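As structure tokens, the structure follows; a few thoughts come after it.
Since every read-out is calculated from the coordinates, none of them should be taken as a lab result. Only a predicted model underlies this, so the values are computations on that prediction, with no experimental measurement involved. We place every Cβ from the backbone using ideal geometry, glycine too, and count neighbours over all the protein chains shown.
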Ligand code: ATP
């Protein structure tokens, strides 16, 4: 809910045999925030969200995400607690329809439909129908309902990226992590994406946005965190970040 702690990181770090992918990260995110995570290539953004979502385990510091320590539990437990994400490189099933791709996202969240299908077919059919309705709602949420029957491979690039978001919504997350969702999008698509993120946040979703499109981050986020060489070099409003000399030198000046 709004104002509640969603993410709380203290001194979090990740070493890959001497390489500090992340070092001493302090980060607090409250419910309903849209937080931007920016920084040069290799700054440690992916490593950080991997630790938040439980995919990578920290080597120092502490983390609390939706009441769990993502470093101490299995990835699916972090997902079940309400963390969902998209990836930098598309992981859609090209030959499945848009709706089927979202249904797969719903299946991943521990609905026992497979077991039920073995044990009791009618109930499995009911579950399947419920899942299809729920998945259609997720498609509608990102503006893709009219394309529910279209194969993922036949969608435009921008629509494929929105479909990934629809699939991430299928698990009813509280925290949505988007890894470069605007990469490769044109201005019109990126603007529409920014509007979508804003409307998801108004619905109460907390969003962590990794993005190289700085204009889009500035427009979309209430707060921005800047990483450089694995460390947080600045946190602030878009305006504070745009005017921060260290950020301009490390990142904005060159982009
Ligand atoms: P990009 O914008 O290019 O995606 P990033 O900010 O997400 O970069 P990371 O991918 O988190 O950065 O990488 C941070 C640092 O950690 C880099 O120096 C990278 O080479 C190193 N690193 C990341 N993953 C591993 C790994 N599995 N083994 C060794 N080093 C790694």
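Results, tabulated for the structure shown:
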quantity	calculated
Where only alpha carbons of the chain are counted, the Rg and the Dmax (Å)	18.6, 63
Shape category assigned to region 1-67 from the gyration tensor of Cα positions, a/c cut at 1.5	prolate
Cα gyration tensor shape for region 145-231, rounded if a/c is under 1.5, else prolate or oblate	prolate
FRET efficiency, 1/(1 + (r/R0)^6) with R0 45 Å, evaluated for residue 16 and residue 125 via beta carbons	0.45
Between 0 and 90°, nearest 10: helix 187-202 axis offset from the chain longest Cα axis	80 degrees
Residue 146-residue 41 pseudo-label distance in nm [points 7 Å out on the Cα-to-Cβ vector]	3.8 nm
Residue list for region 178-204, given a label point 7 angstrom along the Cα-to-Cβ vector of residue 87 and an amide N cut-off under 19 Å	178-184
Segment residue 222-residue 80, length gained on full extension (0.36 nm per residue, minus Cα span)	48.5 nm
Inter-label distance for residue 60 and residue 96, nm, one decimal - labels placed 7 Å from Cα along Cα-to-Cβ	4.1 nm
Sites residue 156 and residue 132, calculated FRET efficiency, Cβ-Cβ separation with R0 35 Å, nearest 0.05	0.90
Calculated FRET efficiency for the pair residue 246/residue 186, C-beta based, R₀ 35 Å, to 0.05	0.65
Extension gain (nm, one decimal) between residue 73 and residue 202, 0.36 nm per residue minus Cα-Cα	43.4 nm
For the chain, built as a Gaussian network whose Cα springs stay under 10 Å, the top-fluctuating residue of 195, 172, 146	146
Burial ordering of 83, 232, fewest other beta-carbon atoms within 10 Å first	232, 83
Extension reserve of the residue 229-residue 195 stretch, reckoned as 0.36 nm per residue once the Cα distance is removed	9.1 nm
